[in-house]
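S.K.: Structure below; questions to follow.
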Amino acid sequence: MARKPRIDQRAIERHVKDIVKGYERAARRNPIRVPIQTGATAEGVSMVGRDAVEGNPILARLLMWLDEQAQLNPAHYVDVTRFVEEEQLDGEDPSVLAFELEQRDLVKIARSWGGTPDVSLSDAGRVEVSRVKKLQQDRAARLRYTMDASLRWLFDTAGGQSPTDPALFLATPSAYFAGAAISGTDLHQALAHLAEHSLIERSDTDPATVAITPEGVSCALSGGNVQDHTARARTGATYNNFLPNAKGVIIGEQQHFTQNNTDGVDPTLFVQLAGYVGQVSSTLGMPEPDRVELERVAQDLHDEATSENPEPGRLRQFATQLKDKLLEAGTTMAATMGVQMAEQALGALVQ
């Protein structure tokens, strides 16, 4: 098996420091409004939980803003439209934001005919403000969020198609945790962690850039967070290994498997490839017969890779077939990621 290249952690840290050095101050003074779909709506990119305000970048900022307005004018109701305009959150509906907070019992709404409802912090809202402010000092929680949000941003904006300047993340609505802006230091540490676990890789460009890896794509597609993903990797458990059949029915999942083979084959990458293809097959826009055949080959690869003694020749055969079929499927992000995963798996076979 080809040896995994040794990660130069110091080089990664120096590289990431070069990326964010001097950017933070400029980004905060003159935010970059890039035409990129970040997916940061009122629900944001919360990995903490749908109901956790601190992990919802826009609602948490609105909560902090309402607290500032309450200190200036106690007991007054405020038009949420002002917040959307001041923060330049184009596309956000002030009424929806107000209703989101009302559903959590964090504000009281003064309803009127027409227009945007005015809001005022409720007693529960004041308690939540105090809790969220304390959470801003939780370094571990802040870094966990930064890792999740920056990886999701890379997946949504670049998707592995081209390297991206990660410092641009600091100018997005998602670059806030518990209502406070993510710092350059936070981003530096988060990127170093992502690189250490091969979820992103650097590119020697000017300016310096990073790209999400197939491993990072798998993490994003899993719907979980980075910490859970890397913990499973450390314990040897695989992930995303469920494979639906041609009718979309899940027919197997291997969370742990061990082969006592003598061929020096690590089947992990092949199992991940099969599971990934099973997940994205319906998104490739393939004719139905081609999709069914793609899933059949993926199932063959999954069965071989999880057998007691997988044969390198059959692994190579099925992985090559998947690669060829994915190339025929087009140049979508999902297909390209599958091709990259197939090449990675084939490259790991003992020559």
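The values are calculated or read from the model by the stated rules, or taken from the named source; none is laboratory data. Everything quoted here is computed from the prediction, not taken from an experiment. Cβ coordinates were reconstructed from backbone atoms using ideal geometry, including for glycine residues, and neighbour counts include every protein chain displayed. What goes into the accessible areas is simple: the full protein's heavy atoms, side chains included, and nothing from ligands, DNA or RNA. Shrake-Rupley method; radii C 1.70, N 1.55, O 1.52, S 1.80 Å.
S.K.: Could you list, in sequence order, the residues of region 164-188 that are of a type in the set (S, T, N, Q) and within 16 Å of the chain's Cα centre (by Cα)?
M.R.: Selection gives 164, 172, 174.
S.K.: A further question on this structure: From the residues in region 277-294 that are at pLDDT 85 or above and open to solvent by less than 10 Å² (accessible area, probe 1.4 Å), which one is nearest to residue 221 (Cα to Cα)?
M.R.: Narrowing region 277-294 to residues at pLDDT 85 or above: 277, 286-294.
Now narrow it down to the ones that are open to solvent by less than 10 Å² (accessible area, probe 1.4 Å): 277, 294.
Numbers: 277: 12, 294: 19 Å.
My answer is 277.
S.K.: Can we say residue 223 is touching a helix residue (DSSP H, G or I) at 6+ places or on another chain (Cβ under 9 Å) and either at pLDDT 90 or above or not aromatic (Phe, Trp, Tyr) (or both)? Walk me through it before giving the result.
M.R.: Working: touching a helix residue (DSSP H, G or I) at 6+ places or on another chain (Cβ under 9 Å): no; either at pLDDT 90 or above or not aromatic (Phe, Trp, Tyr) (or both): yes.
The answer is no for residue 223.
S.K.: Would you check if there is a residue in region 99-111 being at pLDDT below 85, open to solvent by 80 Å² or more (accessible area, probe 1.4 Å), part of a loop (DSSP other than H, G, I, E, B) and not hydroxyl-bearing (Ser, Thr, Tyr)?
M.R.: Residues of region 99-111 that are at pLDDT below 85, as a first pass: 111.
From what is left, the residues that are open to solvent by 80 Å² or more (accessible area, probe 1.4 Å) are 111.
After this cut, where a residue has to be part of a loop (DSSP other than H, G, I, E, B) as well, the list is 111.
Next, from what is left, pick out any that are not hydroxyl-bearing (Ser, Thr, Tyr): 111.
Within region 99-111, one or more residues are at pLDDT below 85, open to solvent by 80 Å² or more (accessible area, probe 1.4 Å), part of a loop (DSSP other than H, G, I, E, B) and not hydroxyl-bearing (Ser, Thr, Tyr).
S.K.: Could you look through region 85-98, keep only residues that are of a type outside the set (Asp, Glu) and in a loop (DSSP other than H, G, I, E, B), and pick out the one that is modelled with the lowest pLDDT?
M.R.: 91
S.K.: Still on this structure, please answer the following. Go through region 192-210 and count every residue that is of a type outside the set (D, E, K, R), part of a helix (DSSP H, G or I) and at pLDDT below 90.
M.R.: Number of matching residues: 3.
S.K.: Right, something else. Return the total of residues in region 74-84 being in contact with a helix residue (DSSP H, G or I) (Cβ under 8 Å, 6 or more places away or on another chain) and in a helix (DSSP H, G or I).
M.R.: To start, the set of residues in region 74-84 that are in contact with a helix residue (DSSP H, G or I) (Cβ under 8 Å, 6 or more places away or on another chain) comprises 76, 78-81, 83-84.
Remaining after also requiring in a helix (DSSP H, G or I): 80-81, 83-84.
The total comes to 4.
S.K.: Being touching a Lys or Arg at 6+ places or on another chain (Cβ under 9 Å) and open to solvent by 60 Å² or more (accessible area, probe 1.4 Å) is the filter here, so list the residues in region 330-351 that pass it.
M.R.: 343
S.K.: Of everything in region 67-83 that's under 29 Å from residue 140 (Cα atoms) and out of contact with any Phe, Trp or Tyr (no Cβ under 8 Å at 6 or more places or on another chain), which residue is surrounded by the most Cβ atoms within 10 Å (Cβ to Cβ)?
M.R.: Initial filter on region 67-83 (under 29 Å from residue 140 (Cα atoms)): 67-68, 83.
Those left that are additionally out of contact with any Phe, Trp or Tyr (no Cβ under 8 Å at 6 or more places or on another chain): 67-68.
Details: 67: 18, 68: 10.
So the residue we want is 67.
S.K.: Within region 263-295, can you find the residues that are over 23 Å from the mean Cα position of the chain (by Cα) and not in a helix (DSSP H, G or I)?
M.R.: 263, 264, 265, 266, 267, 285, 286, 287
S.K.: For residue 150, state whether it is surrounded by 20 or more Cβ atoms within 10 Å (Cβ to Cβ) and part of a loop (DSSP other than H, G, I, E, B).
M.R.: Against the criterion (surrounded by 20 or more Cβ atoms within 10 Å (Cβ to Cβ) and part of a loop (DSSP other than H, G, I, E, B)), residue 150 does not qualify.
S.K.: Ok, one more. How many residues are out of contact with any strand residue (DSSP E or B) (no Cβ under 8 Å at 6 or more places or on another chain) and either closer than 17 Å to residue 224 by Cβ or open to solvent by less than 50 Å² (accessible area, probe 1.4 Å) (or both) if we restrict to region 153-169?
M.R.: Residues flagged as out of contact with any strand residue (DSSP E or B) (no Cβ under 8 Å at 6 or more places or on another chain) and either closer than 17 Å to residue 224 by Cβ or open to solvent by less than 50 Å² (accessible area, probe 1.4 Å) (or both) within region 153-169 amount to 5.
S.K.: Out of the residues in region 112-145 that are touching a Phe, Trp or Tyr at 6+ places or on another chain (Cβ under 7 Å) and either of a type in the set (A, V, I, L, M, F, W, C) or within 21 Å of residue 174 (Cα to Cα) (or both), which is most open to solvent (accessible area, probe 1.4 Å)?
M.R.: Per the stated criteria, the residue is 142.
S.K.: Does residue 236 meet the test of being farther than 24 Å from residue 295 by Cβ, modelled with pLDDT under 75 and open to solvent by 10 Å² or more (accessible area, probe 1.4 Å)?
M.R.: The answer is yes for residue 236.
S.K.: In addition: For the list (1) hydrophobic (A, V, I, L, M, F, W, C); (2) touching a residue at least 12 places away in the same chain (Cβ under 8 Å); (3) farther than 19 Å from residue 188 by Cβ, I need the number of the one condition that residue 151 fails.
M.R.: Going through the list (1) hydrophobic (A, V, I, L, M, F, W, C); (2) touching a residue at least 12 places away in the same chain (Cβ under 8 Å); (3) farther than 19 Å from residue 188 by Cβ, residue 151 breaks only (3).
S.K.: I need the full set of residues from region 296-329 which are touching a residue at least 40 places away in the same chain (Cβ under 8 Å), open to solvent by 10 Å² or more (accessible area, probe 1.4 Å) and either charged (D, E, K, R) or not in a helix (DSSP H, G or I) (or both), in order please.
M.R.: The answer is 296, 306, 307, 308, 309, 311.
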